[in-house]
Amino acid sequence: MERGEAYGFSAVLSGNFLLSCLLFAVINRRQRGPYMDEAFHVPQAQAYCHGRFLQWDPMITTLPGLYLASVGVVKPAAWLFGWTGSVVCSAAMLRFINLLFSAGNFYLLYLLLLKIHQKNKAVSGFQRILSTLTLAMFPTLYFFTFLYYTDPGSVFFTLFAYLMCLYGNHKTSALLGFCGFMFRQTNIVWTVFCAGNVVAEKLNEAWKTELQKKKDEKISSRKGSFSELMRILRFLIKYLISLKNLVTLTALTWPYIILVTVFFVFVFVNDGIVVGDRSSHEACLHFPQLFYFLSFTVFFSFPHLLTPTKIRKFLLSLRKHPVQYSLIAVISLFLIWKFTYVHKYLLADNRHYTFYVWRKIFQRHELVKYILVPVYLFAGWSFADTLKSKSIFWILMYFVCLLAVTVPQKLLEFRYFILPFLIYRLNIPFPSLYRQLLELAFYIVVNAVTFYLFLNKTFQWPNSDEIQRFMW
């Protein structure tokens, strides 16, 4: 990092943290007590603060990573600054832990952009800092910086594990992956993603060698023809059935293999992935979740994905390959017909934005979910088109992880999309400065509206005196 870029990065990080602290103070004055899921998280963390580590709320579905990390930060701070009484492990103090995680996420996002795009010399330090600020302000993640939820810590350890993986520190990466798993069990998918990065890199090297031997064209991630895809598939099978190759891959990825093994032992002993309330968190094959994620990604990345050029390219691709798109459309219609699930929380809890998305769009008519298939096709094509700079093996590995982290979820919840979105956004090519500024401005507006609604547009449920607030 050059000195000017270092000063600029420090200034933006400090400014972002200061503004977040001011917003944090406003939110805590308006909402002093636990809200929503904090009603479970805060008392559990306070029990740990008082040394009651065997106490557990059966309504909590995640492992105790958040509470252990909180005690590890708050207790030494209380001893250092002489804090006593209710201030130690108060709701505000626990929420501040996530503000610290948020600052850590800012730094990790910058380091990841620096590492992933290190070969692109055309990218300026200003663009890197601007992209970091934009991703740190990503609305769904940024909102939960100010509440005591698992998301900021979950993102922190997962991004840290990904960074260490990219630098080849796989034992450290697996250890950080374990920390992420302790925050949220589904983060084990991103441990597989880190291992997949190693495998994809080796496959890409072998594939290039294969092409060179046959004096073929240089490897490209544009895989248009069916015959070329079949050729890659045959190569993949041939590579993976080789004992020598498997031994090499195992030697490189053994820390991740151990962690995944620990995960399966946990699932076997626990008789499932969910720790507490299982009735509301049943796994299922909810394939439309992939379509919701793609639409979510287009919405939050519209400066990159929803452009006139991309629309023209999509229509041209549609005209060139009508049979393939027709087949994909039929499969999509079938998946929507047979595998659409509506969680009871989605229909009952009018505090979440997903409630209104479902009611205003999907519940308008029974046919709406089918009519949206062309939108999903464009979203999927545009999503894949922005990843064309990555190798076919990386794309395949990411797509498998994306399916694993979204499809089993019955509940439509935007928080589940945070990590797959961030990893996608980190890996696409740097957009133009204009599009970066447009994206940042859009995020700022969405955040401003979200916090305005949360703070000022309160309401009450019938037969309840509690103040309710709108949120992600």
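Listed cross-link partners LYS208/LYS388; LYS390/LYS410; LYS121/LYS310; LYS171/LYS208 are compared with a 20 Å cut-off, the Cα-Cα value being larger for LYS390/LYS410; LYS121/LYS310; LYS171/LYS208. With a Förster radius of 45 Å applied to the beta-carbon distance between ARG319 and ARG278, the computed FRET efficiency rounds to 0.40.
Rg then Dmax, both in Å and based on the Cα atoms of the chain: 23.1, 75. In loop segments of the range 229-285 as defined by DSSP, there are no chymotrypsin sites (Phe, Trp or Tyr not before Pro) with at most 10 further C-beta atoms inside 10 Å of their C-beta.
Each residue of the range 459-472 was assigned a 3J(HN,Hα) from its phi angle through the Karplus expression (A = 6.51, B = -1.76, C = 1.60, θ = phi - 60°), giving 8, 10, 7, x, 6, 9, 8, 6, 7, 9, 9, 7, 7, 5 Hz with x at Gly and Pro. The fraction of accessible area contributed by carbon and sulfur in the range 263-363 is 71 percent, rounded to a whole number (1.4 Å probe; ligands and nucleic acids excluded).
Most tightly packed first, judged by the mean number of other beta-carbon atoms within 10 Å of their residues, the peptides 320-329, 184-193 read 184-193, 320-329. Of the peptides 375-382, 355-362, 118-125, the ranking by mean beta-carbon count within 10 Å, highest at the top, reads 375-382, 355-362, 118-125. Given the range 282-431 reduced to its alpha-carbon atoms as identical point scatterers, what log10 I(q)/I(0) does the Debye formula return at q = 0.09, 0.20, 0.21 Å⁻¹? Per q value, in the given order, log10 I(q)/I(0) is -0.29, -1.48, -1.59. With a simple spin-label model that places each label point 7 Å from the Cα along the Cα-to-Cβ direction, the separation between GLN468 and LYS208 comes to 5.6 nm.
Loop sites here are GluC sites (Glu not before Pro) outside DSSP states H, G, I, E and B with no more than 15 other Cβ atoms within 10 Å. The longest part of the chain free of them is 3-216. The distance linking the range 393-471 with the range 251-292 is 22 Å (Cα centroid to Cα centroid, whole angstrom).
For the pair TYR345 and ARG364, the difference between a 0.36 nm per residue extended length and the Cα-Cα distance amounts to 5.0 nm.
Could you work out the percent of alpha carbon pairs in the range 233-324 separated by over 21 Å, rounded to a whole number? The answer is 69 percent, as a whole percent.
Note on ALA92/LEU455: beta-carbon distance plugged into 1/(1 + (r/R0)^6) with R0 of 22 Å gives a FRET efficiency of 0.90. Using the 1.4 Å probe convention, the accessible area of the range 282-431 works out to 46 Å² per residue with neighbouring protein chains retained.
The values are calculated or read from the model by the stated rules, or taken from the named source; none is laboratory data. Not measured: the values here are computed from a predicted model. Reconstructed Cβ throughout: ideal geometry from the backbone, glycine too, with neighbour counts over all protein chains shown. Remember, those area values only see protein heavy atoms, side chains included, never the ligands or the DNA or RNA. Shrake-Rupley method; radii C 1.70, N 1.55, O 1.52, S 1.80 Å.
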